[in-house]
Amino acid sequence: MENILVIPFDALTFLQSSFGEGKGFVCDRRYELNPGSLDLASPDTDTTSMALARLKAKVCQKLYRRNRRRAIREITGVSGDRCCVPTSTLDAYFRDAWGQSDFASGFYAACSDQREPLLASQFTPAEVEKIKKAENTAPGPDRLTYHHWRSVPGAPKFLARVFNVVLHLRKFASWKPPPPSSCPNLAIQLCPLIGGLLPSPPRSTRSSPTIFEALEAVGTGPLFVDIIRDLYRGSRTKILSDGGVTSDIPILSGVKQGCPISGLLFNICIDPVIRSIQGDHVEHKVLAFADDLCLLAASPVELQNNLDSVQAQLAALGMVLNPKKSVSLHFSGCTPVGVKNTSFRVGGENISPLKEGEFTRFLGRPVGFNAWPDYNSLNDLAGIGAKILSSALAPWQRLDALKSFFFPALQFPMRTAQSQKTAWQALDSTIRGEIKNTLGLPENAANEYLYGHKSKGSCSIPIAAEESDLNRIDTAFKLLTSSDEEIVLLATEDLRQTIAHRLKTPSPTDANLEEFLSGVTEGPFSTSDNAYSNSGLVQTRLQDSRIVCGN
């Protein structure tokens, strides 16, 4: 007898009572805020009517309570403009980009390790309940977000049952229009095996074979492969532009844009390429994050060979390198030290070489030889802080946004030492006046009230200049005490080479390392400047301490 899985009617009754009889999934209209009609990014002027100003403040403050991330995007004006390319051009381009690829079957070798298949156990309400800690994402046609599920008691229990139904059937129901008019229709869509009920319409079986062969090779298990296969079977998408929406474009290759699992699937697909370049080398030969690759080599010949190898392997996967978005940097540490104008090719086309003083960004970090500081980035950060502090948010919301979004955005450029401390001091001075205006304080008010601890009744605003010092110390400490043995070896060896160069000795002792990291500025350590010595100096400024090195 065939096993039939039916959603318990108590769950359907619960869902129906929660969202309303005969309404299906309905978004609460009280929370539908549309700030698009109001320019939240520009401050009020003298010509702005009081009624409009109050409406703008009401919408802005309500949106911040509802969705902080979206409110900040609207205020700072970084939501982005819609594409102005004609829809016909977009349609033709993406049909070609997502068209059937020339994947060479048999590229992936089966994994020899014994691995437990993914999704071997069912979902539990405790796992689903983690949505309470998640920020809202862009809603689909049903207008449902995490906020709505959090507001419904018992939602984790119901969602866990729905997810387990999907695991049992190895099939996702179609949530596309026309929408279900009631909860019984939901049961029809989730249970297509029940006789007499209309199943979802058949979908095309054509989809990218690269993903599925890669998943099978790494041993994810047949259940996970079937789930992903059903997700991609018959997938279609539309491109939104300023001129409208394109027609449905089938996704026959590549990964879905915006899908949370797309990054993992892409990494699994290109993992053999990365491993073939790295091989058994102790030093790094490739740095990779998603589709951003950085090849490292000791000679131009080696780099060109690696480029050719990567291009050939990606071509076998149906992928193509883009020479126009690629750059090369060839510098020599031998006399004369500097950048060499060496040409490298990708598919017979030369890629642009970086000159001295120029830089490109890899994972947000400027990379170049004697690259000029990017002051535009600091100016942009200062502008974002000023927009937040001059917005229509309530004063407490402005300070909260400053601590929750503005200062955390400074962590990465601080950790990667993209600016000197004087630049961060200038940033502090720029936003200090706006903070005092927000609090209604005069310009000559004591700064201690702004930066003091909240336990003493102060505002506890971070100081960017001090944060940059703390981040330098923390970054150096994490490199030297990383759980990755290779990183520890590389950081320690780099530290020893730096001290050996400073002291003119081939083998510095642990005592030398202690003095160097503790910020000793006397004797031979008083001469030059480098990243490690900066870490020691800022540690000396912040606290009188000593680092002890040993086994």
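The values are calculated or read from the model by the stated rules, or taken from the named source; none is laboratory data. Computed from a predicted model, the values in this text were never measured in an experiment. Because the Cβ atoms are built from the backbone with ideal geometry, glycine has one as well, and the counts that use them run over all protein chains shown.
If only one of G357, G348 is free of Cβ contacts under 8 Å to residues at least 24 places away in the same chain, of a type outside the set (S, T, Y) and within 23 Å of L314 (Cα to Cα), which one is it?
G348
Looking at the range 257-270, which of its residues are without any contact (Cβ under 8 Å) to a residue 12 or more places away in the chain and in a helix (DSSP H, G or I)?
S262, L264
Among the candidates K238, K340, which residue alone is more than 28 Å from V367 (Cα to Cα), without any contact (Cβ under 8 Å) to a residue 12 or more places away in the chain and touching a Ser or Thr at 6+ places or on another chain (Cβ under 7 Å)?
The conditions single out K238.
Counting only residues that are closer than 30 Å to K285 by Cα, give me the helices (runs of 4 or more DSSP H) lying completely in the range 396-513 with at least 3 of them.
On the way: elements: 411-415, 421-439, 448-451, 464-480, 485-503.
Because the criterion is at least 3 residues that are closer than 30 Å to K285 by Cα, the helices (runs of 4 or more DSSP H) in the range 396-513 that meet it are 411-415, 464-480, 485-503.
Could you tell me whether A386 is surrounded by 15 or more Cβ atoms within 10 Å (Cβ to Cβ) and out of contact with any Gly (no Cβ under 7 Å at 6 or more places or on another chain)?
yes
Which residues, taken from the range 255-280, are at pLDDT below 85 and small (G, A, S)?
Within the range 255-280, just G258 meets the criteria.
Let me spell it out: the conditions are (1) at pLDDT below 80; (2) out of contact with any His (no Cβ under 7 Å at 6 or more places or on another chain), and N136 meets all of them except one. Which number is the exception?
(2)
Which of (1) crowded, with 18+ Cβ neighbours inside 10 Å; (2) at pLDDT below 90 does Q420 not meet, given it meets every other one?
With (1) crowded, with 18+ Cβ neighbours inside 10 Å; (2) at pLDDT below 90 applied to Q420, the lone miss is (1).
How about the range 389-417: which of its residues are small (G, A, S), modelled with pLDDT of 90 or more and either under 20 Å from P373 (Cα atoms) or surrounded by 17 or more Cβ atoms within 10 Å (Cβ to Cβ) (or both)?
Within the range 389-417, just A401 meets the criteria.
Go through the range 197-236 and report how many residues are at pLDDT 85 or above and outside any loop (DSSP other than H, G, I, E, B).
Residues in the range 197-236 being at pLDDT 85 or above and outside any loop (DSSP other than H, G, I, E, B): 21 in total.
Considering only residues that are touching a helix residue (DSSP H, G or I) at 6+ places or on another chain (Cβ under 7 Å) and over 22 Å from S299 (Cβ atoms), which ones fall in the range 335-376?
Answer for the range 335-376, where residues must be touching a helix residue (DSSP H, G or I) at 6+ places or on another chain (Cβ under 7 Å) and over 22 Å from S299 (Cβ atoms): just G364.
Tell me which residues, restricted to the range 357-368, are surrounded by 14 or more Cβ atoms within 10 Å (Cβ to Cβ) and more than 25 Å from the chain's Cα centre (by Cα).
Hit for the range 357-368 is E358, nothing else.
Which of the helices (runs of 4 or more DSSP H) contained wholly in the range 82-161 include at least 2 residues that are surrounded by 12 or more Cβ atoms within 10 Å (Cβ to Cβ) and without any contact (Cβ under 8 Å) to a residue 12 or more places away in the chain? Don't jump to the end; show me each part of the working.
Working: elements: 87-97, 125-128, 146-150.
Once the helices (runs of 4 or more DSSP H) in the range 82-161 are filtered for at least 2 residues that are surrounded by 12 or more Cβ atoms within 10 Å (Cβ to Cβ) and without any contact (Cβ under 8 Å) to a residue 12 or more places away in the chain, what remains is 87-97.
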